[in-house]
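Engineer: Below is one structure. I have some questions about it.
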Amino acid sequence: MISISMLSSSRKRTLAPIVSVGFLLLGWFIASAIVSSDLLLPGPLETMEEFLRIISSRKGWSDIAETCAKAFLGLFIALGLGLAVGFVMGLIDVLYELIKPIVVILQSIPIVSWLALAIFWWGVGFSSPVYIVFLTLFPIFTINIAEGVRNVDKKLVEMAKIYKIPRNTVFGKIYLASAFPFIVSSMRAGIGIMWKSVAVAEFMVGASGIGRAMSDAKYSINIERVFAYTLVLVVLGILTERLLDMIIKRGSRYALKS
């Protein structure tokens, strides 16, 4: 009985996304048939043809590679600084009260404002999208990590002091393990925002990349290419989620050992 129920549950988890995507494609196909204009709403087949043209061309892969480089560079900088600032905020109450309002203000500033400043500060090119990704993700990581550190069981910390456990062990086995779920939640939220922000930044101030290619397609009135590059971003988002799941599983094993 248990094995049957587990098999049924596994099938549901596999079939549910397929059914959802199927309904989405069906709705898209019907809508494009009703509109009956590729200039306004190309269908799934036309979009897939353009998608295949993109991934079979050197220019397409060059755009994808550059966008990935900008996105992940901004992500890693934001995560590194977010970990450092977040841990300091979580450990020292005074700094938490001082820094949190600044981080909240940064989080409240819209991307459009940062884009306008990016043009003056960095110009059009590689740096501006990286800067935008960093600024959109840094507040999310910092606040979540700070809350995770503050969520540490104080009794465990006191016991570690009593038994004179090394600081690096306390950091890894207590503080990092406690903050891990908060890091995971911020990463899950950040990945979706990362691809959106890098695409918007490239669209507005990028010299190359997926966003820039979408901007060029807009000016040439190639709506199929806009849809196809959107599909590329969706695929990148899904692949990044899968990669994150693999990292989380390994991190969870470490956290459980603690």
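For (1) under 22 Å from the mean Cα position of the chain (by Cα); (2) hydrophobic (A, V, I, L, M, F, W, C); (3) within 17 Å of Gly148 (Cβ to Cβ), each residue gets a yes or a no:
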{"position": "Lys59", "(1), (2), (3)": "no, no, no"}
{"position": "Lys70", "(1), (2), (3)": "yes, no, no"}
{"position": "Ala78", "(1), (2), (3)": "yes, yes, yes"}
{"position": "Val94", "(1), (2), (3)": "no, yes, no"}
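Engineer: Then there's this: Report whether or not Ser20 is among the hydroxyl-bearing types (Ser, Thr, Tyr), at positive phi, at pLDDT below 90 and surrounded by fewer than 11 Cβ atoms within 10 Å (Cβ to Cβ).
Structural biologist: No.
Engineer: Name the residue that is farthest from Gln107 (Cα to Cα), counting only residues in region 190-226 that are charged (D, E, K, R) and out of contact with any Pro (no Cβ under 7 Å at 6 or more places or on another chain).
Structural biologist: Looking at residues that are charged (D, E, K, R) and out of contact with any Pro (no Cβ under 7 Å at 6 or more places or on another chain), I get Arg225.
Engineer: Can you name the condition, by its number, that Ala33 falls short on among (1) touching a residue at least 24 places away in the same chain (Cβ under 8 Å); (2) loosely packed, with under 11 Cβ neighbours inside 10 Å; (3) not hydroxyl-bearing (Ser, Thr, Tyr)?
Structural biologist: (1)
Engineer: Yes or no: Ser208 assigned by TED's automatic domain parsing to the domain that holds Phe87, surrounded by 15 or more Cβ atoms within 10 Å (Cβ to Cβ) and not in a helix (DSSP H, G or I)?
Structural biologist: yes
Engineer: I'd like to verify a number: residues in region 96-122 that are within 30 Å of Val170 (Cβ to Cβ) and more than 20 Å from the chain's Cα centre (by Cα), how many?
Structural biologist: Going through region 96-122 one residue at a time, the tally reaches 7.
Engineer: Let me ask something else. Picking from Ala33, Ala71, which residue would you name as being at pLDDT 95 or above and either part of a helix (DSSP H, G or I) or not assigned by TED's automatic domain parsing to the domain that holds Leu236 (or both)?
Structural biologist: Ala71
Engineer: Quick one: in region 127-142, of everything that is touching a Lys or Arg at 6+ places or on another chain (Cβ under 7 Å) and β-branched (Val, Ile, Thr), which residue is farthest from Ala65 (Cα to Cα)?
Structural biologist: Once the filter is applied, the top-ranked residue is Val133.
Engineer: Here is a follow-up. In the set Ala201, Ala213, Ala228, Ala217, which member is surrounded by 15 or more Cβ atoms within 10 Å (Cβ to Cβ) and free of Cβ contacts under 8 Å to residues at least 24 places away in the same chain?
Structural biologist: One residue alone meets the criteria, Ala217.
The values are calculated or read from the model by the stated rules, or taken from the named source; none is laboratory data. Nothing here was measured: the structure is a model prediction, and the numbers come from that model. Positions of Cβ are generated from backbone atoms using ideal geometry, with glycine treated the same way; all protein chains shown enter the neighbour counts.
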